[in-house]
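Here the structure is laid out as structure tokens; the discussion comes afterwards.
The values are calculated or read from the model by the stated rules, or taken from the named source; none is laboratory data. What you see is a predicted model, and the numbers here were worked out from it, not measured in a lab. Positions of Cβ are backbone-derived with ideal geometry, glycine not excepted, and every protein chain shown enters the neighbour counts. What goes into the accessible areas is simple: the full protein's heavy atoms, side chains included, and nothing from ligands, DNA or RNA. Shrake-Rupley method; radii C 1.70, N 1.55, O 1.52, S 1.80 Å.
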Amino acid sequence: MSEQSRRPRKPYRRPKKDPVRVLAFDALRAVDERDAYANLVLPPLLRKAREKGDFDTRDAALATELVYGTLRRQGTYDAVLVACVDRPLREVDPPVLDVLSLGVHQLLGTRIPSHAAVSATVELARVVLGDGRAKFVNAVLRKVAQDDLDGWLERVAPPYDEDAEDHLAVVHSHPRWVVSALWDSLGGGRAGIEDLLEADNERPEVTLVARPGRATTEELLREEAAVPGRWSPYAVRLTEGGEPGAVDAVREGRAGVQDEGSQLVALALANAPLEGPDKRWLDGCAGPGGKAALLAALAAERGALLVASEKQPHRAGLVAKALDGNPGPYQVITADGTRPPWRAGSFDRVLVDVPCTGLGALRRRPEARWRRRPEDLDGFAPVQRALLTTALESVRVGGVVGYATCSPHLAETRAVVDDVLKQHRDTELIDARPLLADVPALGDGPDVQLWPHLHGTDAMYLALIRRTA
């Protein structure tokens, strides 16, 4: 009998299941496999874990950080993994890559000690992948642990002077084409683009809106860690990641979760100078209902009716839920805004917050930066132009249209407005900046572009247009 065969074998140890990391892995798999969004997947997973008694508040915070941090920094972490894995990443099974990315985030993006980050991730791999692939995970993460984030960036990011866009893409974890597009929209300068990309990688505060006539900011400010919004008189921020569902006014529909940028767009349209009657308002792309709820409440204060139109039936249902209990008259309809059922010139104010790439909300939907492609712009362009055209036809002479989009990409903002207005000479642009008088750094006008790094909002764009004849 050989010496090796006489050695006692180590007893098999069942892997220890860590509920926090297993939940984070499950969320990443849903994002990858189903093209789901983390902000939709994560809350029900956390709620179920709490109900089972597996999670406390600190567990939920860690799971949230692991999911969002991994998604935001995916580009940077992939560059590090390329240097540590002995094959192209596309040949690594996606579940293995998700576990590796979770491990890299713990090593390079959190304060978790290196030995704990490696051992916890390897244990996760044993649970969800099996012992064989756990050994591979262990070997890769030990290579990653040999340096910190700054050290790795020195190694894997090209020098700024040699390739500025690729340097920024790796360091700030954005696709190169997105870096280029955002830089063009900002108008150049290294400091501005770096500030914006860094802001995209920060966890945004939860912002609430007190719907006029139904809730007040004073009521919302009684919530723990609540502070006034920066710009909107109806905004309240939850500074410590508060749970909106625990707020009575939100649960009852009297308030909602809404970024201040979206609130400002609705307020600017509502307050734009108008010639003639002010009785019929239209939200032509109303789903899922946040802006429609604020507009309906503002309209109710003036005795005006809001018609909220949404093409997709399930989203129209969300709009109806958001408007339920509005203090004034409103109507929710399911209709295609490019082929409207209403007569031309029917409305005094019209908002079209058009479908877009969503590049303005990368803080909230970090996975969107990896899903979008430059060619997606070509798909949105005809719809954006058609919706603005219909909006201009739907407003009466003297009425105002607001064209909004949650993207700063010039192809979705000024290019659309310029193209459509060339075909509609009976219009004029209104300077939107005076309607946001307290908001700084709004540019040369007459349109407005908000920015995460300058205003703490999503990168919402707004152009206000009056029909003159």
Inset, instruction - Just need log10 I(q)/I(0) for region 326-415 at q = 0.18, 0.23, 0.25 Å⁻¹, Debye formula, equal scatterers on the alpha-carbon atoms, no solvent, rounded to two decimals. - result: -0.88, -1.14, -1.23
Legend entry - At most 14 other Cβ within 10 Å, DSSP loop - trypsin sites (Lys or Arg not before Pro), region 78-174: Arg111
Legend entry - Size descriptor, Kirkwood hydrodynamic radius, that averages inverse alpha-carbon separations across region 171-235, Å: 14.5 Å
Inset, instruction - Calculate how large, on average over all directions, the projected area of the Cα convex hull of region 112-201 is; give the answer in nm² to one decimal. - result: 7.4 nm²
Legend entry - Given Lys17/Lys143; Lys48/Lys143; Lys52/Lys291, the pairs whose alpha carbons are separated by over 31 Å: Lys48/Lys143; Lys52/Lys291
Inset, instruction - Give me the number: length gained by fully extending Val383 to Glu162, i.e. 0.36 nm times residue separation minus the C-alpha to C-alpha distance, one decimal in nm. - result: 75.7 nm
Legend entry - the chain, relative contact order [Cα under 8 Å, separation at least 6], %: 11 percent
Legend entry - With Cα atoms, 0 to 90° folded angle of helix 176-186 axis to the chain main axis: 40 degrees
Inset, instruction - Please find the FRET efficiency linking Asp438 to Thr468, where r is the Cβ-Cβ separation and R0 is fixed at 22 Å, and quote it to the nearest 0.05. - result: 0.15
Legend entry - region 283-336 - Kirkwood radius from inverse mean 1/r over Cα pairs (Å): 10.4 Å
Legend entry - Size-normalised alpha-carbon gyration radius of region 76-156, reference 2.2 N^0.38 Å: 0.99
Inset, instruction - Within the set of other residues whose C-beta is less than 12 Å from the C-beta of Glu301, count the net charge using Lys and Arg as +1 and Asp and Glu as -1. - result: +2
Legend entry - Helix 57-72 vs. the chain, principal-axis angle (Cα, 0 to 90°, nearest 10): 80 degrees
Inset, instruction - Would you list which aspartates and glutamates come within 15 Å of Lys311, measuring only between C-alpha atoms, while excluding same-chain residues fewer than 8 positions from it? - result: Asp283, Asp336, Asp353
Inset, instruction - For the chain, with all protein chains present and a 1.4 Å probe, just round the carbon and sulfur fraction of the accessible area to a whole percent. - result: 49 percent
Legend entry - Accessible solvent surface per residue of the chain, calculated while the other protein chains remain in place, 1.4 angstrom probe, Å²: 46 Å²
Legend entry - Column: log10 I(q)/I(0), Debye, Cα scatterers of region 204-275, q = 0.15, 0.23, 0.25, 0.27 Å⁻¹: -0.44, -0.95, -1.11, -1.27
Inset, instruction - May I ask for the Kirkwood hydrodynamic radius of the chain, worked out over all distinct Cα pairs and given in angstroms to one decimal? - result: 24.2 Å
Inset, instruction - Only bridges with both residues in the chain count here: give the DSSP antiparallel percent, nearest 5. - result: 55 percent
Inset, instruction - Report the percentage of all Cα-Cα pairs in region 236-373 whose separation exceeds 18 Å, rounded to a whole percent. - result: 59 percent
Inset, instruction - Can you tell me the relative contact order of region 228-276? Whole percent, Cα pairs under 8 Å, sequence separation 6 or more. - result: 32 percent
Inset, instruction - Would you mind giving the three semi-axes, in whole Å and largest first, of the ellipsoid equivalent to region 140-253 according to its Cα gyration tensor? - result: 40, 20, 10
Legend entry - Semi-axis lengths, Å, region 363-469, gyration tensor of Cα atoms, sqrt of 5 times eigenvalues: 24, 20, 10
Legend entry - Potential extension, Asp32-Glu243 segment - 0.36 nm per residue separation minus Cα distance: 73.4 nm
Inset, instruction - Show which aspartates and glutamates lie in cross-link reach of Lys135 when reach means a straight Cα distance below 12 angstrom and same-chain residues fewer than eight apart are skipped. - result: Glu123
Inset, instruction - Grab the Cα-Cα distance for Glu275 and Val82, subtract it from 0.36 nm times how many residues apart they are, and report the gain in nm with one decimal. - result: 63.4 nm
Legend entry - Dipole magnitude (debye, nearest 20) for the chain, charges at Cβ of Lys, Arg, Asp, Glu: 1840 debye
Inset, instruction - Mind jotting down the three principal axis lengths of region 331-378 based on Cα atoms? Whole angstrom, largest first. - result: 41, 22, 18
